[in-house]
1. With r as the distance between the Cβ atoms of residue 25 and residue 75 and R0 = 45 Å, compute the FRET efficiency 1/(1 + (r/R0)^6) and round to 0.05.
2. Starting from the Cα-Cα distance between residue 212 and residue 247, subtract it from 0.36 nm times their residue separation and give me the gain in nm to one decimal.
3. Where does helix 100-114 land angle-wise versus the long Cα axis of the chain, in degrees 0 to 90, nearest 10?
4. Over 5 Å intervals from 0, what percent of Cα-Cα pairs in the stretch 50-177 sits in each interval?
5. Give the distance, in whole Å, between the Cα centre of the stretch 73-135 and the Cα centre of the stretch 193-235.
6. At 222 nm, what helix-only mean residue ellipticity would the chain give, in deg cm²/dmol to the nearest 500, using -39500 (n - 2.57) for each DSSP H run of four or more?
7. Quickly work out the residue 260-to-residue 191 label distance, labels modelled 7 Å from Cα along the C-beta direction, and quote it in nm with one decimal.
8. Most mobile of 97, 37, 156 per a Gaussian network model of the chain (Cα springs, under 10 Å)?
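Rule-based calculations on the coordinates, nothing more; no lab input. Since the model is a prediction, treat every value here as computed from it, not as a measurement. Here Cβ is always computed from backbone atoms with ideal geometry, including for glycine, and neighbour counts include all displayed protein chains.
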């Protein structure tokens, strides 16, 4: 087992191991949505096959890193996380991200590829392709409190009693605004094509994702592309974790098989 992930010193690493397989055949690195902490992925731990190690990225400003300075730019996130991912060089890496995490995972996949450590698969969820992002001038991170909370409510996933309690919401608004600022200041600057399989998925009732904007992810990789629609809204993976975990495991195993069939990619795993 790679020793670069420490569970006893949470502030020295951004990676949180949620499963500990005896024999790791693949690692899936999960990036969270706006304001969420790494523990949101814990529910999937018992649902994945025993050969898949589930690791979630804990960014500053949430859970046990609540008081750490928050990131407001994509480059800062990449610089923070990339060195730890590069150290995980003894098993194939698959990246998964939901909502904001989809864009972070995409940029991280590009960064890994530029370091000659391409991931085995990129799985993005609940977000339009960077080519199809909303380029309106709406800047939610600068919106007033009422407007900002109304937008959070529109997406679902937050209990109504929490939304109605301003004292609780004000604890989390700084992290949420910082994450929104990451997305709203983000511009896709790299023209590099990915060379790993890319899977894009979303909930059928997600107001943030259209058929066209999900399909546009196919333009970003030269490897096979697949899209999938789940039943549910923006947070479909929370309402039916078992269905999502089943698909996730299948996609990872399919990518492992494809990776074995491509010797030059397999050699990138030491």
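1. That pair, residue 75 with residue 25, gives E of 0.90.
2. Taking residue 212 through residue 247 to full extension adds about 10.4 nm, to one decimal.
3. 30 degrees
4. 2, 8, 16, 19, 20, 16, 10, 6, 3, 0
5. A separation of 15 Å, based on Cα centres.
6. My calculation for the chain gives -10500 deg cm²/dmol from helical runs alone.
7. Calculated label separation equals 3.8 nm.
8. 156
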